[in-house]
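**Student:** Below is a structure I'd like to ask you about.
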Amino acid sequence: MDQGKFVERVLFLLALSSISSLVVITVFIFLEGLPLIFQTGLTDFIFSSHWAPTKGHFGIGAMIVSSLLVTLGAMVLGVPLGLACAIVLAEFSSARVRAFLKPTLELLAGIPSVVYGFLGVIWLVPLIRNYLGGPGLSLLAAAVILGIMILPTVISISIDALTAVPDIYRDGSIALGATEWQTVRRVVLPAASSGIITAVILGMGRAVGETMAVIMVAGNAIKLPASILDPVRTLTSNIALELGYAAGRHREALFATGIVLFVIIMILNLSATLITRRR
Amino acid sequence: MIPRLHPKVTQAAAKTLLWALTGLTLLILIFIIVNISIKGLPQMTLGFLFQDPQDMGRHGGIFSTIIATIYVTLLAIVLASPLGVGTAIYLTEYTREGWATRIIRFGSECLAGVPSIILGLFGFVLFVMKLGFGWSILSGGLTLAIMVLPIIIRTSEEAIKAVPQEYREVCFSLGLSQWQTITRIVLPSALPGITTGIMLSVGRSLGETAVLLFTAGSALRMPTTLFDSGRTMAVHFYILAREGISMPNAYGTAAILMISILLINLAAYTLMQRLVKRYS
Amino acid sequence: MTISPADSDKILQCPLEGIITLRRLNLYYGDFHALMEVNAAFQQQSITALIGPSGCGKSTLLRTLNRMNDLIPGIRITGEVVIDGQDIYTPGVDLTQLRKKVGMVFQRPNPFPLSIYDNVVYGPRLHGRPGRRELENLLEHSLSSVQLWDEVKDRLQTPALALTEEQQQRLCIARLLAVEPEILLMDEPCSALDPLATLRIEELMRELKKLYTIIIVTHNMQQAARVSDDTGFMYLGDLVEFGDTGQIFTRPRDTRTEDYITGKYG
Amino acid sequence: MKEYKIRLEELSFFFGDFQALDQVSLEIRPREIFGLMGPAKSGKSTLLRVLNRMCDLIPEVRVTGRVWLDDEDILSPDCDVVNLRRRVGLVLSKPMPLPRSIRENLVLAPRLAGRERGKMEELVETSLKAAQLWEEVKDRLNDSALKLSGGQQQRLCLARTLAMEPEVILLDEPTSGLDPISTAKIEETLSQLKKHYTIILVSNNTKQIARATDRTAYLLMSRIIEIGDTARIFTIPKDKRTDDYISGRFG
């Protein structure tokens, strides 16, 4: 075999093992968690909110709802903020301002999630407790922190989508007497919509999957929240909080929780990829 | 019917709002950095950096956690870099766009989206339990390697694609083989971009907590072999803060962690800008 | 800047007033002097063609007439551009009103990625809040003016990008007519089209000139000769010669013009 | 002695559905400068890229016919492409020095081809001299090649090809971006190189073909219209289309 063919085979093997890690992850999580889901019954596992692993009750309904609510809250805060930054950077700022703002905002992505959680506990939680009531550690606190944490994802993908809109559309609109804002709102944003939706979906993925910051500020009570000031436990926190000491069926239940999380994330990723490809 | 505002008025209002929201985002960022720095920097003495933690971290420094962080990160990068760069080379130089590249790229995107807690679960069951590595530097490094792999693949792919096609033509016309072309010209030209990816991966590894809590464990001893458990700075900070062991030490750890990550990311960004400028 | 004898000669050749009058117009991109002392007058309800080799400044000149050049950083303009008696470069000019009055058709058809309907009503909606009836009248009128109505009236909600290139270019003109402009600037409007489509667009231009003032930039000399009443020849930022199309193509006064139209360079 | 250095037998070339070369047959003699002229997209650059198999880099191509280099069929699957490209050098139309020093540009290929290390300095000097660049760069061989002017860069690219010590040199519109003085220098270089090399020059500048080549082929729409001594083609072309082209009526 000549050198060229040999190198190609080696590289192909490297590429294959890179993605095989994804396959292995999937297989292991499912192998560990599926038996328990079958024993408990899928409906019971997903819809019951009775979680008492030592007594054999495995229902994660409340956690699924909490995860979704926290994510939704994060979107309410993070999407407008992130989109605003993206529009300002892509459409309304000069090259010099952009050269400064873009790397600065990208720094947000570098701050570790534990730091976000920590600052949430120190600053945000007391604010909520003192001004809005409740224990402070709450759905609201988690949503706010996550809303900030997803900003880099939303901003950078939205900027890419906006800059991908050809200038001829902008010129066409300006030449008809539109203001810059009219051009952005009526032509550029619709043209970039699929990219922006992708940004939002990937932001959701980040929010659903985030663990450490949520554990620190969400309060972690296992019940359906009645208000945004109630403490909640998400799927991710459930795993992180109990994995350290869980054994036997309890540990399997945590893997089962992981399966649900994994499926949610994969659905989000898949729809993001499909939307991007359709464009 | 609501009276129609003049487009200029609407524009002014919209721009003001958008800039205000951008300003708010910047303020949040500045608040985070300033807050951590002000409370953390006074803790950053030589003693803090070079003494081992004592009494669960209530006293002493964070030296052993720095070492554990370096070990885990180094292991992850050493494992993930060849794999990631090799994958990127395969994707860009050896295949035409087709089903194989699409699957590999999609797989890498999915891997990038897998939450760290899932990776933690996986590392826990495979490396810690099944393979019997226990809570250790090895388990942590292996799992982190999987986490940073997609980052390295993506940035390397972009960097390699940015190298002008003409360079490859020149090399082929000079009678260089494909592998010689890649190693002598393409990779050296793409090196800044590849380095950027690796630096970003280091940044991610330094700040990661969920993965390491369940794979590297949280023993405060100084790790000496690959099979020792080690507590990284991020995990140490999490435990200090969550269990309220010592706020000043928590701030100090956070400051070191944050500043080193920000510096690494800033350097990575500058490097990438230079690459972009060179080839555009 | 002093006026050289050649320059003063040029001024005398062209009519002094038109619906658009340029007086000693200069334009710089940073250090680059892109337009030099341009004087010209464009007449109402006629077609004026600007020709010249690429990079001569003809598109730049076109874009000064609706101030589209304002979007480029580092640009500097001196001199006067008077449209309907008003210098459009004096401070306080309402750019949206100017661009409404002076519409522009681009080299590549650029319908927005919206439906045919939304493309045509885009302009009117920018400038007011027209009722449904009003929009429908406008829609039929502007699409009919570009002879597109019969082809698309049954599929107004389909994406504009599904049309052929020629139809897209017609749609872009219709989109322009819907804001009721007075002047149409066309920047090589046929360069993306095949010869037959080109002839049909030229036919349309002759139709439109009954109501509008048209200025067209083209690299195709035959096109200029076919459609225009007046022609300006530009070379290296200089409006070398400006006058009646028949005269320019049969008895050019400047040797550079002659060399260009006989194909010595370009 | 052989009559030809390169011989094409009914060479046809397809990009997907588009036929870029149609049954092209011709012979190129050793140590001549052979000109290929024709309007844009007539197939002349494609022909050049078949001769060192650079066409392999493009997806979905199909080649039929035969191409002989001496007595080796270079289109056969057994042909060692890397070795072929060392024997048949190509200079591209755009000056494309690699982002290295001048010296590195020159020695890269010979070193990887396993030439003796001790000979490198000599090789640098002879190839730069052959490309008439030596005097201008001899004091700054370690400077980046990107700092040279366009004309110098193109002569460096020529020198780089010469340093491989090929047998045939292919030039694809080598002076298209250059000023008249640089063009004259390159043409002069070519006439010197002819003593040792077989040179094929593609150009859409008929004057250059007339000045610089010994024999010429005229390509139009993927076909050879006429082949012959350059002097004869430019004085008494046999085909009306050749006449139209060289007298500038189209193209």
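**Student:** Tell me, which helices (runs of 4 or more DSSP H) wholly within region D:76-168 include 2 or more residues that are more than 10 Å from every other protein chain (Cβ to nearest Cβ) and touching a Pro at 6+ places or on another chain (Cβ under 8 Å)? Working first, answer last.
**Tutor:** Numbers: elements: D:81-87, D:102-112, D:120-130, D:134-137, D:150-163.
Qualifying helices (runs of 4 or more DSSP H): D:120-130, D:150-163.
**Student:** Can I ask one more? Are there any pairs with C-beta distances below 9 angstrom linking a residue in region A:239-256 that is outside any helix (DSSP H, G or I) to a residue that is among the acidic types (Asp, Glu), with the two at least 6 apart or on different chains, and if so which?
**Tutor:** A:246/A:252
**Student:** As an exercise: evaluate residue C:164 against (1) under 16 Å from residue A:173 (Cβ atoms); (2) open to solvent by 50 Å² or more (accessible area, probe 1.4 Å) and give the number of the one condition it does not meet.
**Tutor:** Against the list (1) under 16 Å from residue A:173 (Cβ atoms); (2) open to solvent by 50 Å² or more (accessible area, probe 1.4 Å), residue C:164 comes up short only on (1).
**Student:** Find the strands (runs of 3 or more DSSP E) located wholly in region D:195-244 whose residues include 3 or more that are out of contact with any helix residue (DSSP H, G or I) (no Cβ under 8 Å at 6 or more places or on another chain), and list them.
**Tutor:** D:223-229
**Student:** Can you report the number of residues in region C:40-71 which are out of contact with any strand residue (DSSP E or B) (no Cβ under 7 Å at 6 or more places or on another chain), in a loop (DSSP other than H, G, I, E, B) and closer than 21 Å to residue A:180 by Cα?
**Tutor:** Within region C:40-71, residues that are out of contact with any strand residue (DSSP E or B) (no Cβ under 7 Å at 6 or more places or on another chain), in a loop (DSSP other than H, G, I, E, B) and closer than 21 Å to residue A:180 by Cα number 1.
**Student:** Go through (1) open to solvent by 30 Å² or more (accessible area, probe 1.4 Å); (2) at negative phi for residue C:180 and report which single condition fails.
**Tutor:** (2)
**Student:** Pairs please, first residue from region A:71-90 and more than 17 Å from residue A:188 (Cα to Cα), second anywhere and part of a helix (DSSP H, G or I) and charged (D, E, K, R), Cβ atoms under 9 Å, 6+ apart in sequence or on different chains.
**Tutor:** From region A:71-90, the pairs are A:74/A:206.
**Student:** If I go through region D:110-146 residue by residue, how many of them are of a type in the set (A, V, I, L, M) and within 28 Å of residue B:179 (Cα to Cα)?
**Tutor:** Keep residues of region D:110-146 that are of a type in the set (A, V, I, L, M), which gives D:112-113, D:120, D:123-124, D:128, D:130-131, D:133, D:137, D:141, D:145-146.
Applying the additional criterion that residues be within 28 Å of residue B:179 (Cα to Cα) yields D:112-113, D:120, D:123-124, D:128, D:141, D:145-146.
Total satisfying the criteria: 9.
**Student:** Moving on. Taking the condition within 13 Å of the chain's Cα centre (by Cα) and either facing another protein chain (nearest Cβ under 10 Å) or at pLDDT 90 or above (or both), does residue A:207 pass? Spell out how you get there, then give the answer.
**Tutor:** Details: within 13 Å of the chain's Cα centre (by Cα): yes; either facing another protein chain (nearest Cβ under 10 Å) or at pLDDT 90 or above (or both): yes.
Criteria met by residue A:207.
**Student:** Pick from region A:31-70 the residues that are in contact with a helix residue (DSSP H, G or I) (Cβ under 9 Å, 6 or more places away or on another chain), within 29 Å of residue A:144 (Cβ to Cβ) and of a type in the set (Val, Ile, Thr): which of them is surrounded by the most Cβ atoms within 10 Å (Cβ to Cβ)?
**Tutor:** Per the stated criteria, the residue is A:70.
**Student:** From B:186, B:114, grab the single residue that is at pLDDT below 95, within 14 Å of chain A (Cβ to nearest Cβ) and closer than 30 Å to residue D:101 by Cβ. Give the steps one after another, and end with the answer.
**Tutor:** Details: B:114 fails: closer than 30 Å to residue D:101 by Cβ.
Step by step, each of B:186, B:114 is checked, and only B:186 is at pLDDT below 95, within 14 Å of chain A (Cβ to nearest Cβ) and closer than 30 Å to residue D:101 by Cβ.
**Student:** Residues of region B:144-167 being open to solvent by 20 Å² or more (accessible area, probe 1.4 Å), part of a helix (DSSP H, G or I) and either among the hydrophobic types (A, V, I, L, M, F, W, C) or more than 7 Å from every other protein chain (Cβ to nearest Cβ) (or both), which ones?
**Tutor:** B:146, B:151, B:154, B:158, B:161, B:162, B:165
**Student:** Among the residues of region A:175-191, is any assigned to a helix (DSSP H, G or I), open to solvent by 20 Å² or more (accessible area, probe 1.4 Å), closer than 30 Å to residue B:116 by Cα and more than 8 Å from every other protein chain (Cβ to nearest Cβ)?
**Tutor:** There is no residue in region A:175-191 that is assigned to a helix (DSSP H, G or I), open to solvent by 20 Å² or more (accessible area, probe 1.4 Å), closer than 30 Å to residue B:116 by Cα and more than 8 Å from every other protein chain (Cβ to nearest Cβ).
**Student:** Read through the list (1) within 27 Å of residue B:67 (Cβ to Cβ); (2) of a type outside the set (Val, Ile, Thr); (3) assigned to a helix (DSSP H, G or I); (4) open to solvent by 20 Å² or more (accessible area, probe 1.4 Å), then give the number of the only condition that residue B:180 fails.
**Tutor:** All conditions pass for residue B:180, except number (1).
**Student:** For residue B:249, indicate whether it is of a type outside the set (A, V, I, L, M, F, W, C) and more than 8 Å from every other protein chain (Cβ to nearest Cβ).
**Tutor:** Working: of a type outside the set (A, V, I, L, M, F, W, C): yes; more than 8 Å from every other protein chain (Cβ to nearest Cβ): yes.
Answer is yes for this residue.
**Student:** Please go through region C:133-161 and give me each residue that is in a helix (DSSP H, G or I), in contact (Cβ under 8 Å) with a residue 24 or more places away in the chain, open to solvent by less than 50 Å² (accessible area, probe 1.4 Å) and not small (Gly, Ala, Ser), ordered by number.
**Tutor:** Across region C:133-161, the qualifying residues are C:138, C:139, C:143, C:152.
**Student:** Just to be sure, is residue B:48 part of a helix (DSSP H, G or I), among the aromatic types (Phe, Trp, Tyr) and in contact with a helix residue (DSSP H, G or I) (Cβ under 7 Å, 6 or more places away or on another chain)?
**Tutor:** Values: part of a helix (DSSP H, G or I): yes; among the aromatic types (Phe, Trp, Tyr): yes; in contact with a helix residue (DSSP H, G or I) (Cβ under 7 Å, 6 or more places away or on another chain): yes.
Taking the combined requirement at face value, the residue satisfies it.
**Student:** May I ask you to say which residue of D:183, D:242, D:235, D:206 is open to solvent by 50 Å² or more (accessible area, probe 1.4 Å), hydroxyl-bearing (Ser, Thr, Tyr) and farther than 21 Å from residue D:51 by Cβ? Can you show your working first?
**Tutor:** Values: D:183 fails: open to solvent by 50 Å² or more (accessible area, probe 1.4 Å); D:242 fails: open to solvent by 50 Å² or more (accessible area, probe 1.4 Å); D:206 fails: open to solvent by 50 Å² or more (accessible area, probe 1.4 Å).
From the options D:183, D:242, D:235, D:206, the qualifying one is D:235.
**Student:** Please count how many residues of region B:125-143 are in a helix (DSSP H, G or I) and away from chain A (no Cβ under 12 Å).
**Tutor:** Of the residues in region B:125-143, 5 are in a helix (DSSP H, G or I) and away from chain A (no Cβ under 12 Å).
**Student:** Can you name every residue in region D:27-71 that is part of a strand (DSSP E or B) and over 12 Å from the mean Cα position of the chain (by Cα)?
**Tutor:** Correct list: D:27, D:28, D:37, D:61, D:62, D:63, D:64, D:65, D:66, D:67, D:68, D:69.
For (1) of a type outside the set (A, V, I, L, M, F, W, C); (2) under 30 Å from residue B:47 (Cβ atoms), each residue gets a yes or a no:
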residue	(1), (2)
B:162	no, no
B:181	yes, no
B:188	yes, no
B:228	yes, yes
B:250	no, yes
B:270	yes, no
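**Student:** Can you pull out the residues in region C:227-266 that are assigned to a loop (DSSP other than H, G, I, E, B) and of a type outside the set (Asp, Glu)?
**Tutor:** First pass over region C:227-266, keeping only residues assigned to a loop (DSSP other than H, G, I, E, B): C:228-229, C:236-237, C:251-254, C:262-266.
Matches in region C:227-266: C:228, C:236, C:237, C:251, C:252, C:253, C:262, C:263, C:264, C:265, C:266.
**Student:** Okay, next question. Give just the number: which of (1) within 20 Å of the chain's Cα centre (by Cα); (2) over 24 Å from residue B:193 (Cα atoms) does residue B:88 not satisfy?
**Tutor:** Among (1) within 20 Å of the chain's Cα centre (by Cα); (2) over 24 Å from residue B:193 (Cα atoms), residue B:88 violates only (2).
**Student:** Can I ask one more? Residue A:202: in a loop (DSSP other than H, G, I, E, B), open to solvent by 30 Å² or more (accessible area, probe 1.4 Å) and touching a helix residue (DSSP H, G or I) at 6+ places or on another chain (Cβ under 6 Å), yes or no?
**Tutor:** no
**Student:** In the set B:16, B:45, B:10, which member is hydroxyl-bearing (Ser, Thr, Tyr), open to solvent by 30 Å² or more (accessible area, probe 1.4 Å) and farther than 28 Å from residue A:81 by Cα?
**Tutor:** Numbers: B:16 fails: farther than 28 Å from residue A:81 by Cα; B:10 fails: farther than 28 Å from residue A:81 by Cα.
Being hydroxyl-bearing (Ser, Thr, Tyr), open to solvent by 30 Å² or more (accessible area, probe 1.4 Å) and farther than 28 Å from residue A:81 by Cα holds for just one of B:16, B:45, B:10, which is B:45.
**Student:** Still on this structure: Which of the residues that make up region C:189-220 are within 15 Å of the chain's Cα centre (by Cα) and either part of a helix (DSSP H, G or I) or among the acidic types (Asp, Glu) (or both)?
**Tutor:** If the condition is that a residue be within 15 Å of the chain's Cα centre (by Cα) and either part of a helix (DSSP H, G or I) or among the acidic types (Asp, Glu) (or both), then C:201, C:202, C:204, C:205, C:206, C:208 are the ones that fit.
**Student:** Take the conditions in a helix (DSSP H, G or I), within 18 Å of residue B:23 (Cβ to Cβ), within 14 Å of chain B (Cβ to nearest Cβ) and under 26 Å from the mean Cα position of the chain (by Cα) and apply them to residue A:88. Does it pass?
**Tutor:** Yes; evaluated as a whole, the condition is true for this residue.
**Student:** Looking only at region A:159-173, count every residue that is open to solvent by less than 60 Å² (accessible area, probe 1.4 Å), of a type outside the set (Ser, Thr, Tyr) and assigned to a helix (DSSP H, G or I) and tell me the total.
**Tutor:** Within region A:159-173, residues that are open to solvent by less than 60 Å² (accessible area, probe 1.4 Å), of a type outside the set (Ser, Thr, Tyr) and assigned to a helix (DSSP H, G or I) number 7.
The values are calculated or read from the model by the stated rules, or taken from the named source; none is laboratory data. Everything numeric here is computed off the predicted structure, so don't read it as measured data. Cβ sites come from the backbone with ideal geometry, for glycine too, and all protein chains shown count toward neighbours. These accessible areas exclude ligands, DNA and RNA; they are computed on the full protein's heavy atoms, side chains included. Shrake-Rupley method; radii C 1.70, N 1.55, O 1.52, S 1.80 Å.
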